[in-house]
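Worksheet for the structure shown next.
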Amino acid sequence: MPTALITGVTGQDGSFLAEQLLARGWRVVGVARRSASPNPWRIAHLLDRPTDPLELREGDLLDLGSLIDLMREVRPDHVYNLAAQSFVPTSWRQPLLTGDVTALGAARMLEALRLGAPDARFYQASSSEMFGLAEHEPQDLHTPFHPRSPYGVAKVYAHHLTVNYRESHGLFVVSGILFNHESERRGNEFVTRKVTRAVAAIETGRADHLTLGRLDVKRDWGFAGDYTRAMTLMLEQDAPRDHVIATGRCHSVQDFVSRAFAVVGRDWRAHVRHDEALLRPAEIPSLRGDPAPAHRALGWSPTVDFDQLVERMVHADLDRARRGLP
């Protein structure tokens with residue numbers, strides 16, 4: 001039975017990836033930090049599987065020793081580094097922490113791989129935020145990076161270091177530059193989930209409005225479960241190669257808001273308020289990726305379109321709200 005090691009397993013992407021690998025018969029070991037109040041709601045159903053459940057091990061991207069020990073004990077075939085301080089607004093408030101976890105955390109993972117499991121294949125979660133103020137659209141592997149946040153800067157470091165370890169040490173390590181990908185498992189702090197939770201709260205009488213920043217910002221939004229499939233495909237190729245994973249289609253925040261309220265038959269303009277305090281210090285007006293190379297090389301394409309994604313998220317939050325779930 002092949003073994004996969006996943007950091008960030010309790011997050012959105014980690015939960016989908018673990019679910020998919022377990023369904024394929026893999027042994028999956030998730031890495032989680034010691035926490036005073038763990039909240040593994042995304043993976044609870046995987047921990048309770050009657051056979052071959054998800055295994056959890058303690059580890060910390062700030063502690064190289066613990067990561068080396070994990071590599072040697074677990075002896076993984078595939079390693080997915082999905083853990084990061086991934087919320088862009090927080091990266092301005094905590095730039096040093098973001099750099100230590102998101103940038104140097106990836107460096108520690110790569111070094112742990114080199115020392116503890118050099119034959120394993122490694123996936124680094126890169127981000128479209130690295131492109132920032134891109135010179136052209138759609139963005140691809142030839143687009144220069146111009147990050148606009150400490151988070152984007154940290155991801156650029158991790159991305160280039162992954163390439164460096166591949167070229168310097170001959171390791172099978174790849175970087176997937178994923179554009180925005182969402183789901184009903186998205187964290188509450190992200191704007192898409194903020195919108196769908198607000199729609200559910202308004203529809204069930206628990207709120208009457210939603211406060212947002214800019215509505216004209218455009219992003220290339222896809223479904224997280226589609227994007228985690230791309231991760232596994234990248235590690236199953238004959239040779240290591242980086243890829244941009246995206247839908248190739250762009251929508252504004254206003255498009256997302258309008259579609260979310262339309263799911264429950266409401267006009268978003270009656271419920272949305274603007275607050276300049278929610279504006280970022282440096283915004284990225286638009287990001288759109290080129291999925292064609294990944295489609296050709298990996299045979300990958302998204303299965304959930306924009307409207308289906310928004311509907312899926314709204315219905316999930318409506319269900320939670322009606323059942324009184326947190």
- [ ] Give, as residue ranges, the helices (runs of 4 or more DSSP H) completely inside the stretch 1-119 that count at least 2 residues that are under 15 Å from the mean Cα position of the chain (by Cα).
- [x] 12-23
TODO: Please enumerate the residues belonging to the stretch 195-211 that are surrounded by 19 or more Cβ atoms within 10 Å (Cβ to Cβ) and of a type in the set (A, V, I, L, M, F, W, C).
DONE: VAL195, ALA198, VAL199, ALA200, ILE202, LEU210
Open item on the list: Could you check the stretch 212-227 and list, in sequence order, the residues that are part of a loop (DSSP other than H, G, I, E, B) and either surrounded by 21 or more Cβ atoms within 10 Å (Cβ to Cβ) or acidic (Asp, Glu) (or both)?
Closed with: ASP216, ASP220, TRP221
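Any residue that is hydroxyl-bearing (Ser, Thr, Tyr) and buried (at least 21 other Cβ atoms within 10 Å of the Cβ) - is there at least one of those in the stretch 137-145? So that I can check it myself, show each step before the final result.
Looking only at the stretch 137-145, we keep the residues that are hydroxyl-bearing (Ser, Thr, Tyr), and these are 143.
Of the ones still in play, those that are also buried (at least 21 other Cβ atoms within 10 Å of the Cβ) are none.
Among the residues of the stretch 137-145, not one is hydroxyl-bearing (Ser, Thr, Tyr) and buried (at least 21 other Cβ atoms within 10 Å of the Cβ), which makes the answer no.
Name the single residue that is farthest from ALA18 (Cα to Cα) among those in the stretch 250-266 being part of a helix (DSSP H, G or I) and touching a residue at least 60 places away in the same chain (Cβ under 8 Å). Write out each step before concluding.
Restricting attention to the stretch 250-266, the residues satisfying the condition of being part of a helix (DSSP H, G or I) are 253-263.
Narrowing further to those that are touching a residue at least 60 places away in the same chain (Cβ under 8 Å): 253, 256-257, 260-261, 263.
On the way: VAL253: 30, PHE256: 28, VAL257: 30, ALA260: 28, PHE261: 32, VAL263: 30 Å.
By that ranking, first place goes to PHE261.
Looking only at the stretch 234-249, decide whether some residue is within 30 Å of VAL173 (Cβ to Cβ), in a helix (DSSP H, G or I), in contact (Cβ under 8 Å) with a residue 12 or more places away in the chain and not charged (D, E, K, R). Even if it seems obvious, please write down each step before you answer.
Initial filter on the stretch 234-249 (within 30 Å of VAL173 (Cβ to Cβ)): 234-249.
From what's left, in a helix (DSSP H, G or I): 234-235.
Those left that are additionally in contact (Cβ under 8 Å) with a residue 12 or more places away in the chain: 234-235.
Cutting the leftovers down to not charged (D, E, K, R) gives us 234-235.
Yes: the stretch 234-249 contains one or more residues that are within 30 Å of VAL173 (Cβ to Cβ), in a helix (DSSP H, G or I), in contact (Cβ under 8 Å) with a residue 12 or more places away in the chain and not charged (D, E, K, R).
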Open item on the list: If I filter the stretch 1-43 down to residues being polar (S, T, N, Q) and under 14 Å from GLY225 (Cα atoms), which single residue comes out as surrounded by the most Cβ atoms within 10 Å (Cβ to Cβ)?
Closed with: SER15
TODO: Of all residues in the stretch 156-182, count the ones that are in contact with a helix residue (DSSP H, G or I) (Cβ under 9 Å, 6 or more places away or on another chain) and over 20 Å from LYS218 (Cβ atoms).
DONE: 15
TODO: Being closer than 25 Å to GLY170 by Cα and more than 14 Å from the chain's Cα centre (by Cα) is the filter here, so list the residues in the stretch 120-137 that pass it.
DONE: ALA120, ARG121, PHE122
Open item on the list: Kindly evaluate ARG148 against the criterion of being assigned to a helix (DSSP H, G or I) and of a type outside the set (Gly, Ala, Ser).
Closed with: no
Open item on the list: Quick check on this structure: which one of ALA230, ALA158 is assigned by TED's automatic domain parsing to the domain that holds GLU135, within 14 Å of the chain's Cα centre (by Cα) and crowded, with 23+ Cβ neighbours inside 10 Å?
Closed with: ALA230
- [ ] Can you give me the number of residues within the stretch 204-228 that are among the aliphatic types (A, V, I, L, M) and farther than 16 Å from GLY289 by Cα?
- [x] 4
- [ ] Considering every residue within the stretch 61-77, establish whether at least one is small (Gly, Ala, Ser) and in contact (Cβ under 8 Å) with a residue 40 or more places away in the chain.
- [x] no
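The values are calculated or read from the model by the stated rules, or taken from the named source; none is laboratory data. These figures come from a predicted structure and were not determined experimentally. Ideal geometry is used to build each Cβ from the backbone, glycine not excepted, and the neighbour counts take in all protein chains shown.
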